[in-house]
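Only the coordinates and a few stated rules stand behind these numbers; no lab work does. Only a predicted model underlies this, so the values are computations on that prediction, with no experimental measurement involved. No Cβ is skipped: glycine too gets one built from the backbone with ideal geometry, and neighbour counts run over all protein chains shown.
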Amino acid sequence: MTHRSILLLVASTITLTGGGAPSAVKPTSVADVTRRIYISATDGSGAPVTDLTAADISIKEGGKDRPVESLKPATGSMHVAVLVDDAGSGAFQAAVAQFLERTLARGQFSITLLNPQASMLVDFTSEPSALRDALGRLGKRGRMQADGDQMLDAIDRAAKALQQRKAERAVVVALTLAGGKPESIEPNNVLDSVRASGAMLNVVYLVGADLGMVLGDGPKQSGGRLEQAGNGNGIIPAAIRIAESLQTQYVVTYTIPDGTSLSDRIAVSTSRSGIKLTAPTRITSKLPDPARAR
């Protein structure tokens, strides 16, 4: 049985049940350095734009123009950490299945469930049977109290795991009912971990969720998507939009000239009208890891 048919089988048997400023980083003087980022583009209707060229975009890092070396469709393998915070409702089970159905052939996936403490159901794998078993554990379990600190801790741990793996395309997808308003965790530390890993943080949330700094600002900073799913009916479409964005990404390389200081501030724009870019606004100010620069 193919990957696609297995995940379609799972999806067909489940139903949706749920209706401070960052610290300054001292710049590092470097010789010529090539950076790599991931972006995606949509038109006015929200449809993916798949014909961008390097001439269509401009990059500023630290307010300075950076020469764009190349822009190509992103074909590298993804490592995607899926974090599910459903307060026991099972509300995200079908959405995760749909997300995996569309992206399974493109990488490896881990699934973590907050109960409310985070429990990893499956570590990074592309094995359909392992992912199917994990999906089966995302069903309704009885209501429980959500904990914003647990979600932030799960994001922090996922980012550090992705950094340790030197993931070529690191992605975090967090689905939450309550949000990530912390009580004891410093949000800037979590955002630092996301930035250091190079991960793109994507968030699906419902109306009324108290997102806080990490879930609210993290997607914009990291080049991910922030998707509101209304009161529940929009959960699956939101997950599909994230999947489509990942499927149609571009990898962009640009050069930092010899003797220039690295910055963690980046701005990506396009000269083509009517196009919206999803691109990071904050990146690590450290030298690129040679093991990830392909």
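Structure notes:
- Working note: Debye formula, equal point scatterers on the alpha-carbon atoms of the range 109-157, no solvent; log10 I(q)/I(0) at q = 0.14 Å⁻¹ is -0.38.
- The label point for ARG165 and the one for LYS276, both projected 7 Å from the Cα toward the Cβ, are 2.9 nm apart.
- Note on ALA267 and ASN231: their simple-model spin labels are 4.1 nm apart, each label 7 Å out from Cα toward Cβ.
- Over 32 Å between alpha carbons, listed pairs LYS140/LYS276; LYS140/LYS166; LYS64/LYS160; LYS72/LYS220: LYS140/LYS276; LYS140/LYS166
- Here the range 189-294 is described by how far its Cα atoms reach on the three principal axes: 52, 35, 25 Å, from widest to narrowest.
- The fraction of all Cα pairs in the range 209-254 landing in successive 5 Å bins from 0 to the largest distance is 5, 18, 22, 25, 18, 8, 3, 1, 0, given as whole percents.
- Each Lys and Arg adds +1 at its Cβ and each Asp and Glu adds -1 at its Cβ; summed about the Cα centre, the range 158-294 shows a dipole of about 380 debye.
- Contour minus Cα-Cα distance for ASN189 and THR53 (0.36 nm per residue): 45.4 nm
- Our summary gives the range 199-283 a relative contact order of 32 percent, counting only alpha carbon pairs under 8 angstrom and 6 or more residues apart.
- Within straight-line reach of LYS286, meaning a Cα separation under 16 Å, sit the following aspartates and glutamates at least 8 residues removed in sequence or on another chain: ASP32, GLU61, ASP192, ASP258, ASP264.
- Backbone HN-Hα couplings from phi across the range 255-262 [Karplus 6.51/-1.76/1.60, Hz, Gly and Pro as x]: 10, 9, x, 3, x, 8, 7, 6
- Under 5 Å, built H, 5+ apart or other chain: amide partners of VAL122: ILE111
- Here SER45 and ALA105 are evaluated by their C-beta separation; at R0 = 25 Å the FRET efficiency comes out at 0.45.
- If you plug the beta carbon distance of THR75 and ASP210 into 1/(1 + (r/R0)^6) with R0 = 41 Å, you get a FRET efficiency near 0.65.
- Residue-averaged 222 nm ellipticity for the chain, from DSSP H runs of 4+ at -39500 (n - 2.57), nearest 500: -8500 deg cm²/dmol
- Square roots of five times the Cα gyration tensor eigenvalues for the range 149-195, Å: 20, 12, 7
- Paramagnetic label zone (point 7 Å from Cα along Cα-to-C-beta, ASP123; backbone N under 16 Å) in the range 157-190: 157-167
- Inter-label distance for ASP149 and ARG137, nm, one decimal - labels placed 7 Å from Cα along Cα-to-Cβ: 2.4
- Ordering of 172-180, 258-266, 185-193 by packing is 172-180, 185-193, 258-266, highest average first (other Cβ atoms within 10 Å, averaged per residue).
- The H on the amide N of ALA41, modeled in the peptide plane, is under 5 Å from the matching H of VAL49, THR278, each at least 5 residues off or on a different chain.
- Seen from all directions on average, the chain presents a Cα convex hull projection of 14.8 nm².
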